[in-house]
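Following: one structure in structure tokens, then a few remarks.
Read-outs: derived from the displayed coordinates by stated rules, not from any lab. The structure displayed is predicted, hence computed values, not measured ones. Note that we place each Cβ from the backbone using ideal geometry, even for glycine, and neighbour counts take in every protein chain shown.
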Amino acid sequence: MKNIDELIERAKELKERGFTTGEIADELNISRETALWLITQDLEKKPRDIYVDWRSIGTNPKVLKYIALGMVHLVETSIEKGEMESPDVIAGIAVSGLPIATLMAEEMETELAVIRPKKHFWEPNKKSLSSFLLSNFSRVEKKKVLIVDDIATSGKTIRDAIELLENLRAKPIGAVVVVDKKNLKQIKGVPVISLIKVSIVE
């Protein structure tokens, strides 16, 4: 998408198809507040956000594999430096974090878990459901878990995943993302690493 009008049109199209505001945010790789503004344009001030179009990665399995290998390298380097422990399980945040998490779990020879984030259910002024772990994948109780996602916009999804894992008696040992829009170092004491950090220069 080349401009804001195309983003507004795409957000409204997704809303008409039944997507929640949270799912629209996930689909467009933007914050929930930005998704809400694109749909309603009612907020007093337009939110500041960075749109990331990663279709050139997401549509090409070979490129996805190389991205996953780069993320594995970052994690293994952090483990060697003593910045995080080796994971027993890699937990992909659905939807876009899952392909990368799957490839990373294969490369690192770990189990795979899938987290359905609560942001998918988010709508303004409505009580949101909690994040949950999909039952057809690895259990995480008493295991060391690495969280994987495509883009960290605010850190809320990673924070929710950490809290979910802690509630399930797992030990979140780190989070790794392709793109970090907030220059996150850690969340709740859990290290966050990324291939790309994005900053707004004013």
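Between 0 and 90 degrees, rounded to the nearest ten: what's the tilt of helix 61-80 against the longest Cα principal axis of the chain?
So the inclination is approximately 50 degrees.
Cα axis of helix 156-167 to longest principal axis of the chain: angle in degrees, 0 to 90, nearest 10?
Its long axis makes an angle of about 40 degrees.
Just to be sure I follow the definition: excluding the sites themselves, where is the longest run in the chain that has none of the trypsin sites (Lys or Arg not before Pro) in a DSSP loop with at most 13 other Cβ atoms within 10 Å?
82-125
For I173, I147, what ranking results if the residue with the fewest other Cβ atoms within 10 Å of its Cβ goes first?
Taking fewest neighbouring Cβ atoms as first place, the list is I173, I147.
So how tilted is helix 4-16 from the main axis of the chain? Cα-based, degrees 0 to 90, rounded to 10.
80 degrees
Taking Kirkwood radius over Cα pairs in Å straight from the coordinates, which label in (i) 18.0; (ii) 17.3; (iii) 19.1 is the correct one?
Working out Kirkwood radius over Cα pairs in Å from the coordinates points to (ii).
Need the C-alpha centroid separation for region 53-71 versus region 158-202, integer Å.
20 Å
Hey, which lysines would be in cross-link range of K188, C-alpha to C-alpha under 23 Å, not counting anything within fewer than 8 residues on its own chain?
In chain and number order, the partners are K81, K118, K119, K142, K143, K144, K156, K171, K197.
For the chain, set up a Gaussian network in which alpha carbons nearer than 10 Å are linked by springs, and say which option among D88, D53, D42 fluctuates the most.
The residue with the greatest mean-square fluctuation here is D42.
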